[in-house]
Amino acid sequence: MRQTALLLLLFVTSLTFAQTKAITIEDVWQNYTFIPDRVSGFNFLQDGRSFTRLEQNMVVQYDLKTGNRTGVLANGSDLPTDTGFDGNINSYEFSKDESKLMLSNQSEQLFRRSSQSYFFVYDLETKTLTPVYPDKKHRLATLDPTGKRVAFVVDNNVWIKELSSGEMTQVTTDGETNKIINGASDWVYEEEFSFARAIHWSPDGSYLAYLKFDESKVKEFTYTDFHNDMYPEYNTFKYPKVGEENSTVSLHAFNVASGQTKDLLTVNTSPEDEWHYLPRVQWTTEGDRLTAQRMNRHQSKLELLLFDLGTGKQSTLLKENNKYYVDVHDNLTFLDNGKEFIWTSEQSGFNHVYLYEMKKGMSTQITSGDWDVTDFYGLHDGKIYFQAAKEGPTGRQIFVKSLKGRDLPRPLAAERGVNSAQFSDTYDYFVLTNSTINSPESVTVMDGSGQPVRQIIDNMDLKNKLKTYGYQPVEFFDFKTEEGTTLNGYMIKPANMQDGREHPLLMHVYGGPGSQQVMDNWRGQNMAWFQMLAQRGFVIAVVDNRGTGARGEEMKKQTYLTLGKQETEDQISAAKYLGGMDFIDEEKIGIFGWSYGGFMALHCILQGSDVFAAAISVAPVTNWKWYDSIYTERYMRTYAENKDGYDKNSPIHYADKLKGDLLLVHGMGDDNVHFQHTAEMANALIMNNKQFDTYFYPNRNHGIYGGPTRLHLYTKMTNFLLESIGPDAKKATQEVRLVPAEN
């Protein structure tokens, strides 16, 4: 009887394995088998009960509660092409009164957040399509609140078009490539302060505020593109590196009625000038009151300034000073009473919501506790809506709380995992997106009290597919380092692990300031690759080191002036901890990272040369003095101020320590972390007679994508791991030295 039961168990087990499909690189990066369904191009309408989506080249309107289609607002295929429109809608945006649509066409990416297109205004009542500027591609076209005018940027100058007459007003005339930019940000502001648009209509449309960037003194960087021509293409742009000149930035307000421009503020780059950056510009609820945030070069001081254009007066609404740095955010919200505003700050040690009085400058803390507010959604009817990591750093919940009451935050969405929300203008409904690390996102319409109305997306097809492909459950863990810090991690184990069998370990790292990889949410394409590696016998582990987010200011900012030091110590400590487990082969530990993670992977294989046997470093920073000014100086100050911090925490200075296998990868068209970093790292390794593998990708930027590029890269990375530390590879060898033969 016992033998029969054993045979039955073996039969069922073999049947289960027979039904599990093997994951291939093609599944991940060619067929995109594991991409979840998502809601794209979603916009609430002002009635609070309708929404629109861009689908199949149409702007389609739906009823929020029923999900029924209620109309097609614009069909790209039916719009007139005699205007220069080619029939394809790339993006759309409503005017404030929802009577017009701003459509983009033939969009072309410039940098991470910037693009240029042909823009058109589609009048939903008259069904007419008006080109904004048909002569050439332009940028950042935006309708004023009255729907009568469009502001846009072309050739680094700001223009305004009157829609009824077609009259054009050129607001600025001094725009020049690689010299003066009006109405759009320069490269480093776009990358590090996260905005490209630098034109801002006042609430009544009477003024257009804009920033001007004078980048004349900023040094240029050139990278090369190869396009099968006789000579390659050289791309030259202004890129300020550590300690070098930044743009001089000034703020201006153009009066539409008078045609006059008021010069409001300039931050210089001279050492005598305390204020260096203007990272945010925002109007209050009134049409002649504008705010701007200014910061010093160290980004440790911030002031919120108010400009009254009617009286010409300037005042300071708040000041923030921090012994480390101040994070720039978009949570500034002005109350309709014109007397108060909402602000978020880490001044208590955790990120929380504050209410400020505009005249007195007094503040009241609205949320409190040893947890971080991670997103601020808005204010409505005396209540604030926000996301927080209240139950721990790996999850996110949605809350509502009275702005001026003593009530505790009330959860609107607190399911396990990460919850995010998009609220209607009336806050009667919100769209909730929830996922866990083991389950792709579901998208549900919720009412204002947090009760489900209907589900938009359940991703059941993908969930069933995960079972078919034998996705292994991801397990969370934590441990205490030798230094005494408790760190969070997650792990994927191969199926049906056998007692006594040791498996190679691949660690994945990012680790940069405020980032998180260890979160209970769907982790995307890398997770599919990790699952494929688990099928091939690897254990996968990810650990968030010191410097990462959602655990308060001290946890996040303790890497200040020493980027890479604590993070590397923690990753080495994690590798030792994991290597001590009986199912992990401590001689076959590898690490993979991209960008900041590439920087970390290099540190680990070099400074942890006795722990890590292999590393894959993609698009890494290899010396902080070669990276941009805003990001690096925020965390490290300048090289002149912190030479020791730079030199001790840049991988290029540890090339002599390499023992294990290293794969170094970079895109040659990377405008962000320049190919220079990898070229210099390669040179340092060569000069220390260290063998390594390298892959370079011509014309690819920091993301290294396009066509079969990711398939190509991940095929190489997979083969590298299998050959270096794979289950069937020989024990990882230590450093090989070539000894000259005796004469």
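The values are calculated or read from the model by the stated rules, or taken from the named source; none is laboratory data. Everything quoted here is computed from the prediction, not taken from an experiment. Positions of Cβ are backbone-derived with ideal geometry, glycine not excepted, and every protein chain shown enters the neighbour counts.
Values for this structure:
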{"item": "Residue list for segment 533-547, restricted to those being in contact with a Pro (Cβ under 8 Å, 6 or more places away or on another chain) and outside any strand (DSSP E or B)", "result": "Ala534, Gln535, Arg536, Gly537, Phe538, Gly547"}
{"item": "Tabulated pairs, segment 159-187, first closer than 24 Å to Arg113 by Cβ, second assigned to a loop (DSSP other than H, G, I, E, B) and of a type in the set (Phe, Trp, Tyr), C-beta under 8 angstrom, 6+ apart or interchain", "result": "Trp159/Tyr133; Lys161/Tyr133; Ser185/Phe193; Ser185/Phe195; Trp187/Phe111; Trp187/Tyr239"}
{"item": "Matching residues, segment 21-35, being of a type outside the set (Val, Ile, Thr), part of a loop (DSSP other than H, G, I, E, B) and under 19 Å from Leu711 (Cα atoms)", "result": "Ala22, Gln30, Asn31, Tyr32, Phe34"}
{"item": "Among the candidates Asp174, Asp204, residue that is in a loop (DSSP other than H, G, I, E, B) and either in contact with a helix residue (DSSP H, G or I) (Cβ under 6 Å, 6 or more places away or on another chain) or closer than 19 Å to His138 by Cβ (or both)", "result": "Asp174"}
{"item": "Meets criteria (part of a strand (DSSP E or B), among the basic types (Lys, Arg), more than 21 Å from Tyr427 (Cα to Cα) and at pLDDT 95 or above) for Lys319", "result": "yes"}
{"item": "Flag if Val150 is at pLDDT 95 or above and within 20 Å of Val121 (Cα to Cα)", "result": "yes"}
{"item": "Selection within segment 171-202 - more than 29 Å from the chain's Cα centre (by Cα) and not aliphatic (A, V, I, L, M)", "result": "Thr172, Thr173, Asp174, Gly175, Glu176"}
{"item": "Thr374 being among the polar types (S, T, N, Q), within 21 Å of Met555 (Cβ to Cβ), at pLDDT 95 or above and touching a strand residue (DSSP E or B) at 6+ places or on another chain (Cβ under 6 Å)", "result": "yes"}
{"item": "From the options Gln365, Gln422, residue that is surrounded by fewer than 21 Cβ atoms within 10 Å (Cβ to Cβ), in contact (Cβ under 8 Å) with a residue 60 or more places away in the chain, of a type outside the set (Lys, Arg) and within 18 Å of Thr333 (Cβ to Cβ)", "result": "Gln422"}
{"item": "Search result, residues across segment 415-443 that are farther than 22 Å from Ile384 by Cα and touching a Leu at 6+ places or on another chain (Cβ under 6 Å)", "result": "Pro440"}
{"item": "Counted residues, segment 105-140 - those being in a strand (DSSP E or B) and more than 25 Å from Asn235 (Cβ to Cβ)", "result": "8"}
{"item": "In segment 679-709, residue surrounded by the fewest Cβ atoms within 10 Å (Cβ to Cβ) [restricted to those that are within 23 Å of the chain's Cα centre (by Cα) and closer than 16 Å to Phe599 by Cα]", "result": "Gly703"}
{"item": "Given (1) under 29 Å from the mean Cα position of the chain (by Cα); (2) in contact (Cβ under 8 Å) with a residue 24 or more places away in the chain; (3) closer than 24 Å to Leu251 by Cα, index of the condition Lys137 fails", "result": "(3)"}
{"item": "Elements of type strands (runs of 3 or more DSSP E) contained in segment 415-455, each with 2 or more residues being within 21 Å of Asp37 (Cβ to Cβ), of a type in the set (Ser, Thr, Tyr) and modelled with pLDDT of 95 or more", "result": "429-436, 439-447"}
{"item": "Residue satisfying condition, being more than 27 Å from the chain's Cα centre (by Cα) and either closer than 25 Å to Asp27 by Cα or touching a residue at least 40 places away in the same chain (Cβ under 8 Å) (or both), within set Lys467, Lys480", "result": "Lys467"}
{"item": "Residues of segment 379-404 classified as small (Gly, Ala, Ser), farther than 17 Å from Asn434 by Cβ and loosely packed, with under 15 Cβ neighbours inside 10 Å, total", "result": "1"}
{"item": "Members of segment 604-624 that are in a helix (DSSP H, G or I) and either without any contact (Cβ under 8 Å) to a residue 24 or more places away in the chain or not β-branched (Val, Ile, Thr) (or both)", "result": "Cys604, Leu606, Gln607, Trp624"}
{"item": "From the options Asp63, Asp47, Asp97, residue that is closer than 18 Å to Ser424 by Cα, surrounded by fewer than 16 Cβ atoms within 10 Å (Cβ to Cβ) and either touching a Gly at 6+ places or on another chain (Cβ under 7 Å) or not charged (D, E, K, R) (or both)", "result": "Asp97"}
{"item": "One residue from Ala574, Ala601 being more than 23 Å from Val665 (Cα to Cα), of a type outside the set (Asp, Glu), touching a residue at least 60 places away in the same chain (Cβ under 8 Å) and buried (at least 24 other Cβ atoms within 10 Å of the Cβ)", "result": "Ala574"}
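Residue by residue, here is whether (1) surrounded by 17 or more Cβ atoms within 10 Å (Cβ to Cβ); (2) touching a His at 6+ places or on another chain (Cβ under 7 Å); (3) free of Cβ contacts under 8 Å to residues at least 12 places away in the same chain; (4) in a strand (DSSP E or B) holds:
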position: Met295; (1), (2), (3), (4): yes, yes, no, yes
position: Ser315; (1), (2), (3), (4): no, no, yes, yes
position: Val328; (1), (2), (3), (4): yes, no, no, no
position: Asn331; (1), (2), (3), (4): yes, no, no, no
position: Phe341; (1), (2), (3), (4): yes, no, no, yes
position: Lys360; (1), (2), (3), (4): no, no, yes, no
position: Asp370; (1), (2), (3), (4): no, no, no, no
